[in-house]
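Reviewing the structure listed below.
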Amino acid sequence: MGRFRNQVRTQRPSLFSVAKNFSWIQGHPEYDFGFKALVCHDGVFDTHYNGFSTDELYFFNHDFGGPPWSSKTPDKFNPSRFVGNWGTPQLVIHSGKDFRLPETDGIGAFHALQQRGVPSRFLYFPDENHWVLNPQNSLKWHFEVFKWIAEFTASDEK
């Protein structure tokens, strides 16, 4: 890390993730991650459901050792099972044409955050797939991500 040591703000960390069981971090305060803000793009909300709904069945079956009805492993890594512990502000981004992770995963995570009273926002791109490729959408995506992170990690120093 050498030359970047003074540029990393360890007192106000944030975390960004695409696609994996990112919301699982929300449900595990016992690890004391200390994130001030989270951003999740096209993430998994219910691992068990994902084993039926994804167009990439290979990854689920490979990662969990078989289909959802024959493996108990997904429960251990299922973000929806730990919603009662969620408390970190989170920006949820999802795309309407992402068939790896249907939009209901993003909507479910957002609704869980809202019901828990956790500061949250849902950004939806109906015409994008797993990747945000349209130039205007990409600008909007980056603007919203940096705005969200800045809101919760801004320094009190002047």
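The values are calculated or read from the model by the stated rules, or taken from the named source; none is laboratory data. Not measured: the values here are computed from a predicted model. Backbone-built Cβ (ideal geometry, glycine too); neighbour counts: all protein chains shown. Side chains included, ligands, DNA and RNA excluded: accessible areas come from the protein's heavy atoms. Shrake-Rupley method; radii C 1.70, N 1.55, O 1.52, S 1.80 Å.
Return the residues of the range 112-130 that are free of Cβ contacts under 8 Å to residues at least 40 places away in the same chain, farther than 20 Å from Lys36 by Cα and surrounded by 14 or more Cβ atoms within 10 Å (Cβ to Cβ); say none if nothing qualifies.
Tyr124, Phe125, Glu128, Asn129
For the range 14-43, which positions are of a type in the set (Val, Ile, Thr) and at pLDDT below 80?
First, the residues of the range 14-43 that are of a type in the set (Val, Ile, Thr): 18, 25, 39.
Hit for the range 14-43 is Val18, nothing else.
Just wondering, is there one or more residues in the range 60-78 that are in contact with a Gly (Cβ under 7 Å, 6 or more places away or on another chain) and polar (S, T, N, Q)?
yes
Residues being under 21 Å from the mean Cα position of the chain (by Cα), farther than 18 Å from Thr104 by Cα and open to solvent by 80 Å² or more (accessible area, probe 1.4 Å): count how many of those fall in the range 64-83.
Number of matching residues: 1.
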